[in-house]
Amino acid sequence: MTKHNTLPRRSFLKNAGVLGCSLAASPLVTPVSLAATPGDHRLVVIVLRGGMDGLDLVRPVGDPLFAGLRPNLSSADPKLPLTDFHALHPAADKLHDLWTAGELAFGQAVSTPYRNKRSHFDGQDILEAGVGAGGAIRDGWLNRLVQTMPDTQLRTALAVGREDLLILSGGAATSGWSPDVTLPLSEASRLLMARVYDGDPLFSAALGEAMDLTDVLRSGLQPNADDVPDDPDDIMSDAMMMAKEHRGTRGIASFTAEMLRQDTRIASFSIGGWDTHVAQTLNFKRALSTLQDAIITLKAELGPIWAKTTVLAMTEFGRTVRQNGSKGTDHGTGGAVIMAGGAVRGRKIYGDWPGLAEEDLYNRRDLMPTADIRLYAAAAMRGLFHATPSEIENTVFPDLDLSPGLPSFIA
Amino acid sequence: MSFDPRIAQNRFGYGPGPGIEPPRSVRQMLDRLAGPDTQATRFPISGFVDVFGDLQEIRDLTTAFRKARNKGGDEVETTKAARKEKYREMNRKRDAWFLAAIARCCTAEDALRERLVRFWTDHFTVVGKGALFKSVASTFPEDVVRPHVTGRFADMLRASTTHPVMLHYLDQFASAGEGSKLAMNGKRSLNENLAREILELHTLGVDGSYTQTDVRAFANLLAGFAPGKEGRATYRPNWGNPGPEVVLGKSYGRQKPRVEDVFEALEDIARHPDTARHIAHKFATHFVSDDPDPDLVNALTTSFTDSDGDLMALYSTLLNHPAAWAPQQMKIKQPFDYIASALRALGVSVDTLASLKRKDRNLLFFGPLKLMGQPWESPGGPDGWPEDAAHWITPQGLAARIQWAVSAPSSFDVKLPDPRGFVQTALAGQASEATQFAARAAETRWEAIGIILSSPEFQRR
């Protein structure tokens with residue numbers, strides 16, 4: 001890459017012999033073997049925040065009770081059929097292309113172990129921590145997965161976006177980057193900055209990695225590294241413009257794809273906007289469009305690597321079976337999980353259908369979960385990274401019951 | 001190693017600022033602490049009792065909105081709009097409280113107090129769950145920490161345990177004693193959350209000598225607290241557990257649940273030797289080093305025990321210990337402290353802060369804090385913000401700091417200082433040669449200021 005990367009790197013190596021104690025903990029300065037990569041498969045976990053309504057996405061139009069329970073949310077587009085029983089949301093045309101290509105599947109009637117309280121905050125914590133209801137929220141299950149993998153590097157697992165993702169936090173060293181961080185410095189300033197950090201390996205190593213990561217984005221956008229503005233207001237607005245360019249989910253997906261083409265094997269980001277209490281037709285469509293864009297961007301930019309990729313889109317809970325008075329739905333229990341990618345055994349709905357009769361519902365209001373959503377995550381890590389049942393039961397999902405068997409959706 | 005004003009203002013304060021005298025002695029620092037809390041008066045932030053009416057209003061508006069929604073008609077829109085406007089008002093308050101919190105740090109003579117408030121607020125971490133409680137999380141340090149920051153640990157523990165935001169955050173309001181009628185009828189059940197975190201995080205520490213049995217018994221003892229009317233905690237004996245409960249080897253209460261028994265247990269837990277060691281270690285870790293000097297930790301432990309948790313004694317022990325004055329800067333400023341100390345160094349006026357529009361507040365504070373890894377009032381869990389340097393100086397965390405340092409200072413109504421002077425004043429004469437060189441060599445003033453504020457000497461303390 002461009003030459004300004006080399007300087008902090010060199011200074012970091014020079015200082016590597018005199019690490020202070022505060023540095024010993026820094027993953028950035030822990031030597032890793034460059035050749036090692038944990039296999040070829042890629043896993044992207046998208047956390048859908050707000051409670052994605054699985055029944056709206058994958059519509060059980062074959063159930064005779066469905067239309068009556070959801071007068072405004074049950075139409076089916078004949079152009080987007082899934083199975084004899086299910087139809088896809090009418091605006092999910094891009095997802096349907098994936099379905100047709102055999103690169104999309106769903107798990108129906110899934111949920112985390114979280115029951116009854118239906119708080120977003122707790123529900124998302126439990127989803128990302130991967131624990132049972134009432135379990136300690138300390139670290140995330142993707143991080144614990146990384147802990148079981150041999151030969152991981154800092155960039156093996158990557159959290160993308162502004163928020164700190166619980167799902168990837170924990171003891172294993174992972175990367176995090178928000179593509180709207182731009183490091184708006186002239187070449188001269190970069191050199192000065194590197195010199196200022198020269199005696200401090202912690203800062204020096206972080207700057208080197210930051211410059212590498214910003215260059216992933218700069219390379220496509222700025223023809224000339226010296227072509228940076230010379231006024232702080234311009235810097236700010238320039239940074240904002242670049243930020244804007246990359247802030248959207250498309251920017252996040254695009255950056256994720258670029259990193260997956262390199263050394264990253266596991267990535268995660270989130271998409272909000274699923275809390276559709278009101279006017280769901282409109283609001284769900286908006287969130288769905290973002291999700292479709294993200295998945296399509298990943299596919300387009302991953303190129304041949306898409307064939308090795310699995311995207312899991314998971315949410316904290318499903319929504320009520322009946323639509324409410326404001327043409328929306330409220331917090332529920334059973335929902336759906338989305339599996340997309342070239343590595344997925346697609347064109348299939350996994351899991352058992354519990355039925356919509358009142359006595360079949362959870363608390364007489366929600367779709368009854370028939371599978372723990374963690375079984376789908378477990379199936380992905382088993383199929384993609386050869387996680388063993390004992391690693392899954394002992395480390396990644398300590399209280400998960402594997403006896404129902406793992407859905408075999410990895411091709 | 002002993003008192004040094006340059007170390008004092010940075011390690012135990014918010015650094016130098018134009019017109020602010022550095023502390024002259026340990027005695028002076030402690031005397032100021034023992035004096036009145038002038039910053040709280042100068043930049044007021046509401047307590048929970050003051051905003052309880054607002055919360056009640058939002059609840060009522062929500063009820064009205066739900067009713068209207070089920071009924072249909074014009075009222076759906078009007079009630080919805082009214083609720084939205086009320087939330088806007090709460091957000092404006094929350095922003096104002098943020099600015100007050102940062103102004104206190106930027107302008108304080110008694111800056112150690114502000115640092116201590118941040119430390120204890122993080123020790124007793126709360127996160128406002130849901131929009132309603134999120135909007136009033138700032139009341140917690142006002143009610144729990146500031147009144148007791150120079151008092152007794154046990155009093156702060158009691159205030160924390162019974163604060164409505166804490167009772168809500170750790171689900172205490174929903175917990176019924178296992179032997180209560182409510183639990184026997186299957187209507188409610190015991191929730192161990194707060195009991196566990198008090199033992200694991202607030203007092204004995206995760207390595208402390210308690211067992212799951214103690215957690216359970218303590219949870220049964222705590223059952224009954226809930227946020228009550230007028231914004232004060234209430235104790236509901238019918239939710240309590242028919243005792244006695246044995247917690248850490250001592251029996252509390254009798255058949256009839258009583259609030260006095262809970263308070264007695266809290267006093268004893270605050271006084272436990274494991275609590276002393278846990279607090280001592282955490283305190284030294286926060287202020288001095290991620291890997292603190294064992295002799296310092298021992299001295300703090302002894303001080304905590306001998307003074308029965310008198311916090312002034314704890315502070316005095318720290319400031320009179322040679323390890324506190326080691327010249328090497330071992331700690332990284334957390335993002336809030338980083339921004340506050342930069343504003344202080346630049347001399348940004350309180351009026352300028354107050355006049356910022358919402359968009360600028362997001363651009364200059366809330367957005368950058370999030371990118372730096374410390375979104376305002378939103379730590380990831382009840383264990384609060386991490387201490388270790390490597391957690392904060394990540395590629396993204398550092399890039400966000402640099403981005404802020406080069407762009408934000410020009411956005412306040414201050415004339416950017418001459419970098420050659422600023423490198424001396426902002427770093428209190430501790431600038432490295434490379435930083436001094438960069439301050440002279442940078443092409444523009446704002447880049448030079450950005451580099452100075454990005455230097456390790458400025459980000460460490």
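Values in this text are rule-based calculations from the coordinates and carry no lab data. Please read these numbers as outputs of a predicted model, since none were measured by experiment. Here the Cβ positions follow ideal geometry from the backbone for every residue, glycine too, while neighbour counts run over all protein chains shown.
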Within 10 Å of the Cβ of an average residue in B:446-456, the count of other chain Cβ atoms is 5
Taking the alpha-carbon centre of each part, the distance from segment B:8-39 to segment B:225-276 in Å is 38 Å
Partner shielding of B:14-21, taken as the mean number of other chain Cβ atoms within 10 Å, equals 0
Summing -39500 (n - 2.57) over every DSSP H run of at least 4 residues in the protein assembly as shown and dividing by its residue count gives a helix-only mean residue ellipticity at 222 nm, to the nearest 500 deg cm²/dmol, of -13500 deg cm²/dmol
Residue by residue through segment A:202-210, the couplings from Karplus 6.51 cos²θ - 1.76 cosθ + 1.60 with θ = phi - 60°, in Hz, x for Gly and Pro, are 4, 5, 4, 5, 5, 5, x, 5, 4
Computed about the Cα centre, the charge dipole of the protein assembly as shown from +1 Lys/Arg and -1 Asp/Glu charges at the Cβ has a magnitude in debye, to the nearest 20, of 1480 debye
Here, trypsin sites (Lys or Arg not before Pro) of segment A:314-411 satisfying both criteria (DSSP loop; at most 15 other Cβ within 10 Å) are A:Arg347, A:Arg364, A:Arg365
Fewest to most Cβ atoms within 10 Å: A:Ser403, B:Ser46 sort as A:Ser403, B:Ser46
Taking Cα pairs closer than 8 Å and at least 6 residues apart, the relative contact order of segment B:1-98 in percent is 19 percent
Per its Cα gyration tensor (rounded if a/c is under 1.5, else prolate when a/b beats b/c, else oblate), segment A:267-380 is best filed as oblate
Hydrodynamic calc, segment B:335-459: Kirkwood Rh from Cα pairs, then Stokes-Einstein at 10 °C with viscosity 1.306 mPa s, so D in µm² s⁻¹ is 105 µm²/s
Quick note on A:Met149, A:Met52, ordering by fewest other C-beta atoms within 10 Å, gives A:Met149, A:Met52
Under the rule rounded for a/c under 1.5, else prolate if a/b exceeds b/c, else oblate, using alpha carbon gyration tensor axes a ≥ b ≥ c, the protein assembly as shown is classed as oblate
Tilt, helix B:273-287 to longest principal axis of chain B (alpha-carbon atoms), in degrees rounded to tens, equals 30 degrees
Residues whose built amide H sits under 5 Å from the amide H of A:Ala336, excluding neighbours closer than 5 in sequence, are A:Gly54, A:Val110
Output ordering of B:410-420, A:92-102 (per-residue mean of other Cβ within 10 Å, highest first) is A:92-102, B:410-420
Residue by residue through segment B:237-249, the couplings from Karplus 6.51 cos²θ - 1.76 cosθ + 1.60 with θ = phi - 60°, in Hz, x for Gly and Pro, are x, 6, 8, x, 9, x, x, x, 10, 9, 10, 6, x
Longest principal axis of chain B (C-alpha) makes with the long axis of helix B:335-346 (C-alpha) an angle, in degrees to the nearest 10, of 40 degrees
Output field shielding_mean for B:431-441 (other chain Cβ, 10 Å radius) holds 4
Counting sequence-distant residues (5 or more places) and residues on other chains, those with an amide H built under 5 Å from that of B:Gly15 are B:Asn10
Sequence order, segment A:122-127: Karplus ³J(HN,Hα) from phi using 6.51 cos²θ - 1.76 cosθ + 1.60, θ = phi - 60°, Hz rounded, Gly and Pro as x, gives 5, x, 5, 4, 5, 4
The answer for the net charge of residues other than B:Ile339 whose Cβ lies under 10 angstrom from its Cβ, with Lys and Arg +1 and Asp and Glu -1, is +2
If unit charges are put on Cβ atoms (+1 for Lys and Arg, -1 for Asp and Glu) and the dipole of segment B:36-151 is taken about its Cα centre, the option from B:Asn70, B:Thr139, B:Gly47 lying farthest towards the positive end turns out to be B:Asn70
Across 10 Å bins beginning at 0, the whole-percent shares of Cα-Cα pair distances in chain B come to 4, 19, 28, 24, 16, 7, 2, 0
The summed charge of the A:Arg364 Cβ neighbourhood (under 13 Å; Lys/Arg +1, Asp/Glu -1) stands at -2
Applying the gyration tensor rule to the Cα atoms of segment B:178-234 (axes a ≥ b ≥ c; rounded if a/c under 1.5, else prolate if a/b exceeds b/c, else oblate), the class is oblate
For chain B, the longest principal axis of the Cα atoms and the Cα long axis of helix B:259-271 enclose an angle in degrees, to the nearest 10, of 40 degrees
